Every structure is written in C-alpha cells, then in structure tokens.
C-alpha cells in the first residue's frame, strides 16, 4: 500500500468490510465473479443475436456484412460470464470542502470510494473512478489489474479546482461513454442542480446501469448546532450572511427536511438506491450498514 493510498484506505474500514459482498440489487451485467451467467450481453464465444447500433456501442462489434446487405448498422451480441463493473463518481466541488470533524466531506467521500474500490478489486471485480465538479476532472476506467487501486487513489487525490457542481453534463457524458452496464455509485452532497442530477441518473438507468447515491453531509449541515452571532460564507457562491443562528434554525431545519425528502423521493423514482451518510459517523460503520443492506436486497 502506497503512502497516498493510506490517506483514504482506513485500516479499520477495510477490516470491517472485508467479509461482505458488494452486490448489485438489480440484475445487471456485473455479478460477483463466477456466480452465474450474466443476463446481459458482451463479447464471448457464444453468439446470441443482432441488435441495431446505438451511440456509444463498440464499433468492433458492428456486423459489416449486415451493413453491406441492409445499409443499416447492427452489432453482434454475445452471452458471457462477467464480473461486477463498479464505476465510482465522486463530487469534488467546492461545497465538499466543508469540515466540522476529522474529515471534510470530500475526504470522507474519497475514503468511501477507495474502500468500495478495494472491496470490488479484492473480489476480482473491475473498479473505476471519476472525480468531477462542473466537469470531469480526472478519471480511470474500470479494470481488474493489480495496480488499479493505486490508479483510483491517484484520481481521488488529483488537484481540485474548487468549482461549483454541475451534474447533468457529467452524468450525461458518463451515460454515453461507459462501455458496459454495471453498478454506478455517485458520492455527493447534492448541493447543486438536483434537477440536472436526477435527469443524468435517469440517462444512466436507461443505459441499464444499477444506481447508488451516497449522500454525504456534514454533521453541522444536518444538526445546525450554531450559537451566537455567526457569519456564514458560501463555498460555491460569493455570498455571505451575518446573523443570529437561533433565528434561522427552525426555518433551516424545515428546508433541510424538504431537501432530504426530495432526494429520497426522486431517487426512488429513478430506481436509485439512496443512503444518507453523515461525516460524524465512522467510515467503517457507514460502509457496513450500506453493504449489509445491499446484500440483503440483492437479487
């Protein structure tokens, strides 16, 4: 393990999750190695069928003989046995810098992502990672090679631009470029264009991906514990407010509950597995809760 990886791979988290299986709830192309044949299609020895070409398909699978006869593009589909393909998508926008405890929201999110990648790779599955704010900043495609964990940690530790969040163009790009169906895990505080975020998640769902949303928020954001005159400064907007927090607390908590309720409802509508995680909770505890629930829900 490299010094860089130790920052996000907490030994206590790894020890707790090592015995758990990361499974997709929906029947997706990715399943744990050797469990059963995939119900989806890929490249292997057993031809299954033709289907019409759609944007993003691998051109190497185009049947050019059919194109010559019909002047339309079709791709060959094959049945295969396959491992899980885990794509981690981590929000690195400016709002993720907030920190009231040991870890900022970004450091907590990166630790979650690195731990899930470690778990997937330890099972022989493929893991990849992308970091974004208003655009993709760094990424590595899903692979199973031994050096993949170091590559993912390098992506997570890439210099951050501290820009605002823009979900839709990032998720749309991923929907168009992820080559095969699998498990997509978005880790974010959702402080941005939520309409664009859920539109992007719908695009990923239409492409056949299983979706997970890990909603990471700081304890301060969830509890609003402030007392006495306080100056609040925006992390993604050049705005601030000086006030007595007690006067704002009731209204803030009501708005927070509406925000969280919307996130839960719209995640359910998008068939996305939603979990709210607070940064004050130990990373290993959060991971065990999430993975245990996923295992019990897996089909």
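R0 = 30 Å: FRET efficiency of residue 64 with residue 162, Cβ-based, nearest 0.05?
0.05
So what's the convex hull volume per residue for the Cα atoms of the range 96-223, in Å³?
It comes to 106 Å³ per residue, whole-number rounded.
Consider a paramagnetic label point 7 Å from the Cα of residue 293 along Cα→Cβ; state which residues of the range 252-266 have an amide N under 12 Å from it.
Residues passing the 12 Å test: 264.
Sorted by average packing, counted as other Cβ atoms within 10 angstrom per residue and highest first, what order do 178-185, 127-134, 68-75 take?
My ranking of the peptides, most packed first, is 127-134, 178-185, 68-75.
What order do you get for 219-226, 197-204, 285-292 when each peptide is scored by the mean count of other beta carbon atoms within 10 Å, highest first?
Per-residue Cβ counts within 10 Å, averaged per peptide and sorted highest first, yield 197-204, 285-292, 219-226.
Gain in length, residue 7 to residue 135, computed as 0.36 nm per residue apart minus the alpha-carbon separation, to one decimal in nm?
Stretched out fully, the residue 7 to residue 135 stretch lengthens by 43.6 nm.
Based on the mean of other Cβ atoms within 10 Å per residue, sort peptides 187-193, 277-283 so the most packed one is first.
Descending packing order for the listed peptides: 187-193, 277-283.
Since every read-out is calculated from the coordinates, none of them should be taken as a lab result. Quantities reported herein were computed from a predicted structural model and do not represent experimental measurements. Using ideal geometry, Cβ is built from the backbone for each residue, glycine included, and neighbour counts are taken over all protein chains shown.
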